Amino acid sequence: MRKAVCAYGEQRGHRMALRARANGHALTMANFLAYGEWSLEPGESDLQVVAKVPHARVHIGKCPWHRVWAQKDLLPYGRYYCLEIDAALVRGFNPELKLDVKESLTAGQPRCDFVFHDANLTLRNYLAVAYRKLVNPGRACRMPWDYHCGHLYKTVGDIIVRELGAPGQEAVDTALAEFTATYGQRATRILTDFQDTDFNKLPE
């Protein structure tokens, strides 16, 4: 599972890098923060930037993933996602960058605590990140949740089957059946419609 999450995160980070390069932006940590592919609705998280220079430090005390995993008694599984996802995103964007995850809600700690090395969020850089995140390219970087869910299902499923063979396929089929029972056939079609998508390149 950790290997699958790494692959998923590195693909996302790689797409972020493709967008940054296409816009003539260097693959710095500051631009990594600007080119994220998703954004949360207001109130879903309580992100606080507690340091900016030379390293950006971010605390998150509320997370929608953690909340839903806790509600559905899935925290032991969600923890595998959190162990790898953020470092994988950074690695996919630029393997020379460094991120430290010092604490995690899914590990039973009071918050998530991230250190983005050499982000150097001076006032000028901070404003540049905000402009790129909100205005240009802004929402052009964001992918819809259908895309993200399909990506996660395909990549994790492919690697589980590759690593485990028939038992892996059985696990994927069982998970999809449980998903369908909870969310319905329409939601399942959203996941499976992305099975032929190449997530290593930007969508057309």
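The values are calculated or read from the model by the stated rules, or taken from the named source; none is laboratory data. Bear in mind that the values here come from a model prediction, so they are computed numbers and not experimental data. Note that we place each Cβ from the backbone using ideal geometry, even for glycine, and neighbour counts take in every protein chain shown.
Assess whether Ala56 counts as being small (Gly, Ala, Ser), surrounded by 17 or more Cβ atoms within 10 Å (Cβ to Cβ) and more than 20 Å from His148 (Cβ to Cβ). Yes: the conditions hold for Ala56.
Just to be sure before I move on: is Lys62 at negative phi and part of a loop (DSSP other than H, G, I, E, B) in the structure I sent? It is true that Lys62 is at negative phi and part of a loop (DSSP other than H, G, I, E, B). Residues of the range 104-157 that are touching a helix residue (DSSP H, G or I) at 6+ places or on another chain (Cβ under 6 Å), aromatic (Phe, Trp, Tyr) and in the same structural domain as Ala56 (by TED's automatic domain parsing): Phe116 alone. Of the residues making up the range 148-204, those that are touching a Ser or Thr at 6+ places or on another chain (Cβ under 9 Å) and in contact (Cβ under 8 Å) with a residue 60 or more places away in the chain are His151, Phe199, Pro203.
Candidates Glu84, Glu37: the one that is in contact (Cβ under 8 Å) with a residue 40 or more places away in the chain, within 12 Å of the chain's Cα centre (by Cα), within 24 Å of Met143 (Cβ to Cβ) and part of a loop (DSSP other than H, G, I, E, B) is Glu37.
Restricting attention to the range 93-125, the residues that are touching a strand residue (DSSP E or B) at 6+ places or on another chain (Cβ under 8 Å) and outside any loop (DSSP other than H, G, I, E, B) total 11.
Looking across the range 62-78, just one residue is surrounded by fewer than 14 Cβ atoms within 10 Å (Cβ to Cβ) and either under 20 Å from Asp100 (Cβ atoms) or touching a Leu at 6+ places or on another chain (Cβ under 7 Å) (or both), and that is Pro64.
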